[in-house]
Amino acid sequence: MEDLHITEPPKVECNEIPRNKLIRRFYDVLKQNNFDTNILCSNAKDLDMFFVDKIRTDAVGGYNTFTNEIMMVKNRHFMDYITHEFFHMSSTVRDDKKIYCGLMQQNADVGIGIGLTEGYTQLLNERYFEDITPTKKEHDVIVYPVTKKIAGWVEDIVGREFMEDCYIRADLDKLTMKLCEYVDDYKVLQFLRDLDIYYLEGEEKVLGNLPKAMKAYSNCLLFILECGYYSLDKRYMNNEMTTDEYITILEGLQKLQMIRLHVGLYGTFASIPLDDEYYKKLKSKVRSRLI
Ligand SMILES: [Zn+2]
């Protein structure tokens, strides 16, 4: 399949404050935290939201990047996930060739960056809306735990403000260029693809191709380590972080090396047939399927 060429997203300008109460509350939080809200305001104007009986196997809701619609499954607590979908809506732009959504780009045939986008969407959702979604703790929903963690490490590498801005402007191009300051561009692309594989095989499906997912996860960690050490020194030398921050991230990277060893063993283990008990455990993990 042909590869997608990552390009700059179109610029959007809109200052019309959303009228819908829920979106308005979301907008206020983003504004308070210095996010660009042009895409949000533009999409909110003709956003469609409606309830459906079912989306996929056990999805609770989803945002359609092509049609600018949010679907919510009846009888599910939509306040648990609506802000996640609002983040997608607020970071999606379209031109006649492609859709740019958060840190993902796609055309009718191919896409890149869905793993990073879903993980980072969930990270932002929990960072800014954990206290606002009143029922979340009660339902104890764990959403995209691994891609969220990896997205957080990428944020450590490039800096929080920078990554939040790339996300909300749907500018994967700018993020990849930044990462290319630390490692070769083919490695950045491979990382995005690996994280997509992990997301699709490890988090999105109840039972995906586990060995494939673990291999991809292991590759992602290697990338984070390589990129992390380079960027950390560079940013520290440029006075972009305090000594305390430097030490915290350095310690984090050292811990990551331990995880990599663990995954290495797990990867070997996962390539042999797994017993029923293991499958049961995997199945029982509480996960919510969102797009
Ligand atoms: Zn999502």
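For the reader, a short list of remarks on this structure follows.
- Qualifying residue in the range 124-146 (condition: at pLDDT below 95, more than 23 Å from residue 27 (Cα to Cα) and within 11 Å of the ligand (Cβ to nearest atom)): yes
- Neighbours by Cβ (under 6 Å, 6+ apart or cross-chain): first from the range 206-219, under 12 Å from residue 147 (Cα atoms); second in a helix (DSSP H, G or I) and of a type in the set (D, E, K, R): 213/201; 216/194
- Any hit, the range 244-262, residues being at positive phi and at pLDDT 80 or above: no
- Residue list for the range 210-249, filter: basic (Lys, Arg) and either surrounded by 16 or more Cβ atoms within 10 Å (Cβ to Cβ) or in contact with a helix residue (DSSP H, G or I) (Cβ under 8 Å, 6 or more places away or on another chain) (or both): 212, 215, 235
- The lone exception for residue 15 - which of (1) surrounded by fewer than 13 Cβ atoms within 10 Å (Cβ to Cβ); (2) within 16 Å of the ligand (Cβ to nearest atom); (3) of a type in the set (S, T, N, Q) it fails: (2)
- Filtered residue count, the range 72-89, keeping only those that are within 12 Å of the ligand (Cβ to nearest atom) and not acidic (Asp, Glu): 8
- Which numbered condition residue 9 misses (of (1) free of Cβ contacts under 8 Å to residues at least 60 places away in the same chain; (2) touching a Phe, Trp or Tyr at 6+ places or on another chain (Cβ under 6 Å)): (1)
- When residue 61 is tested against (1) crowded, with 22+ Cβ neighbours inside 10 Å; (2) at pLDDT 95 or above, only condition (2) is not met.
- Test: residue 95 is in contact with a Pro (Cβ under 6 Å, 6 or more places away or on another chain) and either modelled with pLDDT under 95 or within 11 Å of the ligand (Cβ to nearest atom) (or both): yes
- In the range 98-125, the residue that is surrounded by the fewest Cβ atoms within 10 Å (Cβ to Cβ) out of those that are part of a loop (DSSP other than H, G, I, E, B) and either in contact with a helix residue (DSSP H, G or I) (Cβ under 9 Å, 6 or more places away or on another chain) or touching a residue at least 40 places away in the same chain (Cβ under 8 Å) (or both) is 109.
The values are calculated or read from the model by the stated rules, or taken from the named source; none is laboratory data. Since the model is a prediction, treat every value here as computed from it, not as a measurement. Please note: Cβ atoms are built from the backbone with ideal geometry, for glycine as well, and neighbour counts cover all protein chains shown.
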